[in-house]
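S.K.: Below you will find the structure I want to go over with you.
The values are calculated or read from the model by the stated rules, or taken from the named source; none is laboratory data. Here the structure is a predicted model, which means the values were calculated and not measured. Cβ placement follows ideal geometry from the backbone for every residue including glycine, while neighbour counts extend to all protein chains displayed. Each accessible area value is taken on the protein alone, full model and side chains, heavy atoms only, with ligands, DNA and RNA left out. Shrake-Rupley method; radii C 1.70, N 1.55, O 1.52, S 1.80 Å.
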Amino acid sequence: MPDLREEYTDVSPDLDVADVQAGWPELLQNWLAQAWESGLPDANALVLATVDDAGRPHSRSVLCKGISADGIDFYTHYASAKGRQLAACPHASATFPWYGLSRQVHLRGEVRKLDHDCSIGYWSNRPRGSQLGAWASEQSRPIASREALVAQLRAAAERFPEGEPVPLPPGWGGYRLVPFEVEFWQGRANRLHNRVLLALADGQWRATRLQP
């Protein structure tokens, strides 16, 4: 596999420190919009990394459901593996892997639960099938078979008949990753990639260009 590599071409304007002067949320939202418009699948997907109680890292993909000056939001079961890990160590890193656009964004920070109203607001806009799926699944817990999982979904559908609202499950809701570092990465020819790091210090964001 040593010969497998992507040759990057400089087809877009160079990323520079000046591009983040307006703040990291603006550039992140712009890059996300461009990824979505370009047709990349699951453009709002990010890789979320947490650690367990032994300090061993775990990563998985989740969907970003909000970007603001306060951080990035995602939703899950609090009793899932990531929920249990965040309860023990409320810090995480996240990466938006937009390989098709030769871009990545990395965030590191503290993770906090969103308040109940935020979770209700998001839940009410979820597709019914996704709502039932959240009731059907004890996320990250073992199950005997696919058939058993489908049976749990049928039971959830019977519990909440068509035409009736599906309530927010207990133990399900949102998190916000509040970053202290945000790095924007842009692929460039000859592996001279552009990297701009924003770091929070004394309440101020400071941007630095990093060597690739």
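S.K.: Classify the chain as rounded, prolate or oblate, taking a ≥ b ≥ c as the square roots of the eigenvalues of its Cα gyration tensor: rounded when a/c is under 1.5, otherwise prolate if a/b is larger than b/c and oblate if not.
M.R.: Here the chain falls in the prolate category.
S.K.: Follow-up. Using the Cβ atoms and a cut-off under 14 Å, what net charge is assigned to the surroundings of residue 19, where Lys and Arg are +1 and Asp and Glu are -1?
M.R.: -1
S.K.: I've got another one for you. Might you tell me the accessible area per residue for region 137-194, computed with a 1.4 Å probe and given in Å²?
M.R.: With all protein chains present, region 137-194 gives 59 Å² per residue.
S.K.: Springs between alpha-carbon pairs under 10 angstrom, Gaussian network model over the chain: which of 51, 11, 166 fluctuates most?
M.R.: For the chain, modelled as a Gaussian network with Cα springs under 10 Å, the answer is 11.
S.K.: Which residue, 9, 87, 185, has the largest displacement toward the positive end of the dipole of the chain when charges sit on each Cβ (Lys, Arg +1; Asp, Glu -1)?
M.R.: Most positive-ward Cα: 87.
S.K.: Right, another one. Between residue 69 and residue 126, 0.36 nm times their residue separation minus their Cα-Cα distance comes to what?
M.R.: The residue 69-residue 126 span can extend by a further 18.1 nm.
S.K.: Grab the other residues whose beta carbon is less than 14 angstrom from that of residue 199, score K and R as +1, D and E as -1, and report the net.
M.R.: +1
S.K.: Follow-up. Can you pull out the GluC sites (Glu not before Pro) in region 1-101 whose DSSP state is coil and whose Cβ has at most 14 other Cβ atoms within 10 Å?
M.R.: Sites meeting the loop and neighbour criteria: 6, 7.
S.K.: Sticking with this one: Hey, what's region 1-50 come to in accessible area per residue, 1.4 Å probe, Å²?
M.R.: 66
S.K.: Restricting to DSSP H runs of at least four residues, report the calculated mean residue ellipticity at 222 nm for the chain, -39500 (n - 2.57) per run over all residues, nearest 500 deg cm²/dmol.
M.R.: -7500 deg cm²/dmol
S.K.: A further question on this structure: Of the heavy-atom accessible surface of region 1-90 (probe 1.4 angstrom), what whole percent is carbon and sulfur?
M.R.: The nonpolar share, carbon plus sulfur, comes to 52 percent.
S.K.: Assuming a ≥ b ≥ c are the square roots of the Cα gyration tensor eigenvalues, decide whether region 34-124 counts as rounded (a/c under 1.5), prolate (otherwise, with a/b larger than b/c) or oblate.
M.R.: Cα axes put region 34-124 in the oblate bin.
S.K.: Mind running the shape call on region 64-113? Use the C-alpha gyration tensor, a ≥ b ≥ c as the square roots of the eigenvalues: rounded below 1.5 for a/c, prolate if a/b tops b/c, oblate otherwise.
M.R.: prolate
S.K.: Can I ask one more? Give me the number: length gained by fully extending residue 162 to residue 17, i.e. 0.36 nm times residue separation minus the C-alpha to C-alpha distance, one decimal in nm.
M.R.: Length difference between fully extended and current span is 47.0 nm.
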